[in-house]
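The structure under discussion appears below in the form of structure tokens.
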């Protein structure tokens with residue numbers, strides 16, 4: 001078990017653990033209070049991100065609609081090429 005190293009407390013001249021040592025004058029550091037302004041700013045930021053994600057989702061939907069027919073055309077073309085090669089009608093494949 002790892003224990004924190006002992007340090008010498010100047011104010012009381014006794015050993016204390018480093019993790020429980022307090023800053024000078026017994027003050028504690030605490031985070032700044034959260035203000036309504038910062039919460040509102042975060043909410044606006046989230047709303048802007050949601051708007052951007054919605055626009056991106058719409059763009060992906062359009063791309064998906066365009067790629068469907070393109071994929072089908074590509075498959076049809078590959079099938080046609082394979083049939084032509086199987087028949088030996090492609091230039092350079094015959095005698």
It is to be established whether one or more residues within segment 23-37 are at pLDDT 75 or above, assigned to a helix (DSSP H, G or I), loosely packed, with under 10 Cβ neighbours inside 10 Å and within 37 Å of the chain's Cα centre (by Cα).
yes
Segment 55-77 residues that are in contact (Cβ under 8 Å) with a residue 12 or more places away in the chain, paired with ones that are surrounded by 10 or more Cβ atoms within 10 Å (Cβ to Cβ) and outside any helix (DSSP H, G or I) (beta carbon under 9 Å, 6 or more apart)
none
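The values are calculated or read from the model by the stated rules, or taken from the named source; none is laboratory data. Since we're looking at a predicted model, the values are computed, not measured. All Cβ positions, even for glycine, are placed from backbone atoms using ideal geometry, and neighbour counts span all protein chains on display.
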